Amino acid sequence: MRRLLFLFGLPLLWSCQEESTVSDEGFLRVLDDRNIDVSYRPVGITETSEGNFVLLTQQHQTGQTFPLATVLLLDERGDFISAASLDTESGEPIGDLMQIGVNNYFFAMRSTDYQCLLSTVDEQGTITSTVEVTGLTFPLGASVINDQFILQTYDAVNFNTVLSLVNENGAVVNSASYTIGAGNDAQQRILDHFFEDGEELPFFTGASALGNYYFNGIYNFTFSLVFSDLGADPTGVVQGQGDFGGISSFLSINTSSSALAGFQYADNFYQSNANVSETGISSSIDFFDSDVAELSIKASSELAIISIGGTNYLILGSETESRQVVLYFFELTSNELRAVEYIGYVNPFTFADLYITSENELIVTGSFYANGRFERPFVKKFSVEELNRIVN
């Protein structure tokens, strides 16, 4: 068993040989920690210009209210190289791990005052700087477009969801605020999201092919997908049902087509070719054709487009009731479901993130539960050859 040392006084890590597999085509790598009081929950993953991988995790430790932002650097075969961590007060990282040039960035929340922070990670996996994003608290979701971050935060003073454009130095370029609704009920759902025993909600942001920004969050008492041009009012809203129904992932494919996944109480659904209006009011239940019975309740999910053998495919990554990671491959032009791939065997696996490499390889990360209860990060790489076999 190859043991690997954590930097900065963090615990020892080693490759878990019982579950890890490596071949010339790809690998499945699980990283373990001998400290049973510590768990690691992946948030996002990227590739460096040298072919290594930067993995952002939430490090949870018994007795801590908020997790710690911990960055792992892995080599091209998924083996551990080094680790870095924010201090204990810098708190909880939120998705996604984003790239501008050769640097990676992530937002986090300081535990003492809920201040939003922006951290920079270089190609060596070192956290080179952490700055305050002035005036913004409770970061919920983030993405990057045109070298700017689209950031969703919560303003607890004015009961607003705030959508902001932030540059790589942490300066707010533009922003707009939208009410969550008066009273404590809607706010409590946001606060519960941050605490260990609270229910996590699928907050995220992005930009559509029509030029609008969007966030998935609480608006006017309801968990909704909200489109915005950063004006005083949203341009359009896809309403959920309280926080019992809504959208869990969304991808704007072109000006007339989108893909999405959603939940409705205990049911899950997806559409690989949805006509989502970015103006006016609609409902997430409009896209619920049938329950995808194998998915877990309010399953985490992510959508991405990848080219395999010259053909574009839409990938939906999620997790099943039997605690496997599942990948659905849709041919983008025909919307035909071409293949379903699973990750997970005897021990449970859960889903966190997808990443497409510069070589059109697919990287999947999430949690592996050693002995069914010790949460550890896994990274699975599907090579080009393996992806061709899957869809053909």
What list of ³J(HN,Hα) values in whole Hz, one per residue of the stretch 284-298 in order, does the Karplus curve 6.51 cos²θ - 1.76 cosθ + 1.60 (θ = phi - 60°) give from phi, with Gly and Pro shown as x? 4, 5, 4, 9, 8, 7, 7, 6, 8, 5, 6, 7, 6, 4, 6
Answer rounded, prolate or oblate for the stretch 264-392, using the Cα gyration tensor with square roots of eigenvalues a ≥ b ≥ c: rounded when a/c is under 1.5, else prolate when a/b is larger than b/c, else oblate. oblate
Using modelled amide H (1.01 Å from N, peptide plane; none on Pro or chain starts), what sits under 5 Å from the amide H of Ser248, excluding residues fewer than 5 places away? Ala261, Gly262, Phe263
Computed on Cα atoms only, the convex hull of the chain has an orientation-averaged projected area in nm² of 17.7 nm²
The stretch 150-274 shape via C-alpha gyration tensor axes, a/c threshold 1.5: oblate
Segment Ala293-Glu89, extension gain: residue separation times 0.36 nm, minus the distance between their alpha carbons: 69.4 nm
Set Lys and Arg Cβ to +1 and Asp and Glu Cβ to -1, take the dipole of the chain about its Cα centre, and tell me which of Ser300, Gln148, Ile81 lies farthest positive. Ile81
Which FRET efficiency, nearest 0.05, do Glu359 and Asp192 yield, Cβ-Cβ r, R0 35 Å? 0.30
Determine the relative contact order of the chain: mean sequence separation of Cα pairs under 8 Å and six or more apart, normalised by residue count, in whole percent. 11 percent
Using the Karplus equation 6.51 cos²θ - 1.76 cosθ + 1.60 (θ = phi - 60°), what ³J(HN,Hα) coupling, rounded to whole Hz, does each residue of the stretch 366-377 give in order, writing x for Gly and Pro? x, 10, 10, 10, 5, 6, x, 9, 8, 7, 9, x
Once the other residues with Cβ under 15 Å from the Cβ of Glu294 are scored (Lys, Arg +1; Asp, Glu -1), what is the net sum? -3
Figure the gain on full extension for Leu337 and Asp147 (residue separation times 0.36 nm, minus the Cα-Cα span) and round it to one decimal in nm. 65.1 nm
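Just so you know, all these numbers are worked out from the coordinates, no wet-lab data involved. All values derive from a computational prediction rather than experimental measurement. For neighbour counting, all protein chains shown are included, and Cβ atoms are generated from backbone atoms with ideal geometry for every residue, glycine included.
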